[in-house]
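Data block below; observations after.
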Ligand SMILES: [Zn+2]
């Protein structure tokens with residue numbers, strides 16, 4: 001069944017212009033499609049742009065139980081984890097600049113908790129992860145696993161007003177109701193606490209260049225943000241001092257190949273060959289069209 005979606009920022013139904021037509025069928029919803037960093041296959045719903053706030057959203061969507069798919073999704077990370085740890089720690093430092101947080105941090109949708117490992121190793125005494133995939137949690141480091149909660153982020157999953165920092169890396173743009181999820185994250189923060197998300201920037205040069213061929217135009221993404229609409233969303237939740245910016249990733253050349261819009265079987269062949277292994281070892285810093293948004297709880 002098709003469901004019309006409304007803009008989470010403006011709360012309007014319709015009031016949008018079509019951007020890309022749908023190419024989704026029933027098969028698009030296997031658990032393989034929903035595993036976190038799979039080879040992109042570029043299935044997507046119709047994308048529309050909100051006339052009022054410019055937010056890009058999937059509309060309409062099919063009646064699919066996302067929670068069930070994410071719970072069952074398998075987990076496949078590979079060689080990029082060290083780069084991602086470095087990238088995300090830098091973002092947290094940027095977002096919390098001038099504050100001496102070291103007590104507590106939570107993450108929503110963090111897979112096997114690799115970022116929480118980095119946060120704990122860097123300075124945070126208490127870490128907590130909220131992650132629906134039980135397979136991902138089972139792969140968490142032994143000292144992190146007891147602090148992972150197998151759930152979507154809902155009210156009461158984390159104690160209210162109990163964390164200095166909250167994080168959500170490349171999860172926000174997968175949520176069907178980002179406002180409600182962000183409100184629960186807001187509630188878990190102490191007054192003065194900082195929340196930071198990383199998402200794709202759909203107005204970045206790479207997204208503009210690739211258009212519909214961009215891996216971000218995908219059925220997994222319910223909304224795609226810009227610096228402007230990301231900031232507007234944070235303000236709607238009640239965050240103050242909202243700030244945002246672009247960030248660079250530390251990736252291997254293998255990962256970059258995986259993102260390029262060329263034949264899926266060709267990419268698979270190269271990535272599984274000795275050349276793929278070599279490409280996996282070459283790390284580069286790349287502006288891939290990602291952005292961060294942060295805000296402070298009053
Ligand atoms: Zn809107």
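The values are calculated or read from the model by the stated rules, or taken from the named source; none is laboratory data. This is a predicted model, so every value here is computed, not measured. With ideal geometry, Cβ positions are generated from the backbone for all residues, glycine too; neighbour counts draw on all protein chains shown.
Structure values in brief
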read-out: Counted residues, the range 169-181 - those being touching a strand residue (DSSP E or B) at 6+ places or on another chain (Cβ under 6 Å) and assigned to a helix (DSSP H, G or I); value: 2
read-out: First in the range 51-62 and more than 19 Å from residue 212 (Cβ to Cβ), second anywhere and within 11 Å of the ligand (Cβ to nearest atom) and part of a strand (DSSP E or B), Cβ under 9 Å, 6 or more apart; value: 51/16; 52/16
read-out: Any hit, the range 14-22, residues being modelled with pLDDT of 90 or more, within 14 Å of the ligand (Cβ to nearest atom) and in contact with a helix residue (DSSP H, G or I) (Cβ under 9 Å, 6 or more places away or on another chain); value: yes
read-out: Residue 76 vs. criteria away from the ligand (no atom under 11 Å from the Cβ) and either at pLDDT below 65 or part of a loop (DSSP other than H, G, I, E, B) (or both); value: yes
read-out: Any chance residue 190 is more than 16 Å from the ligand (Cβ to nearest atom) and at pLDDT 95 or above; value: yes
read-out: Odd one out for residue 83 among (1) out of contact with any strand residue (DSSP E or B) (no Cβ under 6 Å at 6 or more places or on another chain); (2) modelled with pLDDT under 95; (3) in a helix (DSSP H, G or I); value: (1)
read-out: Some residue of the range 118-138 being touching a strand residue (DSSP E or B) at 6+ places or on another chain (Cβ under 6 Å) and under 24 Å from residue 232 (Cα atoms); value: no
read-out: All positions within the range 191-232 that are assigned to a strand (DSSP E or B) and closer than 21 Å to residue 109 by Cβ; value: 193, 194, 195, 196, 197, 198, 199, 200, 201, 223, 224, 225
read-out: Matching residues in the range 186-214 - criterion: being in contact with a helix residue (DSSP H, G or I) (Cβ under 8 Å, 6 or more places away or on another chain) and within 30 Å of residue 126 (Cα to Cα); value: 186, 194, 195, 196, 197, 198, 199, 200
read-out: The one condition in (1) at pLDDT below 95; (2) farther than 16 Å from residue 175 by Cα; (3) out of contact with any helix residue (DSSP H, G or I) (no Cβ under 6 Å at 6 or more places or on another chain); (4) within 14 Å of the ligand (Cβ to nearest atom) that residue 5 fails to fulfil; value: (2)
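Matching residues to (1) assigned to a helix (DSSP H, G or I); (2) without any contact (Cβ under 8 Å) to a residue 60 or more places away in the chain; (3) crowded, with 23+ Cβ neighbours inside 10 Å:
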| site | (1), (2), (3) |
| --- | --- |
| 135 | yes, no, no |
| 143 | no, yes, no |
| 154 | no, yes, no |
| 161 | no, yes, no |
| 167 | no, no, yes |
| 183 | yes, yes, no |
| 186 | yes, no, no |
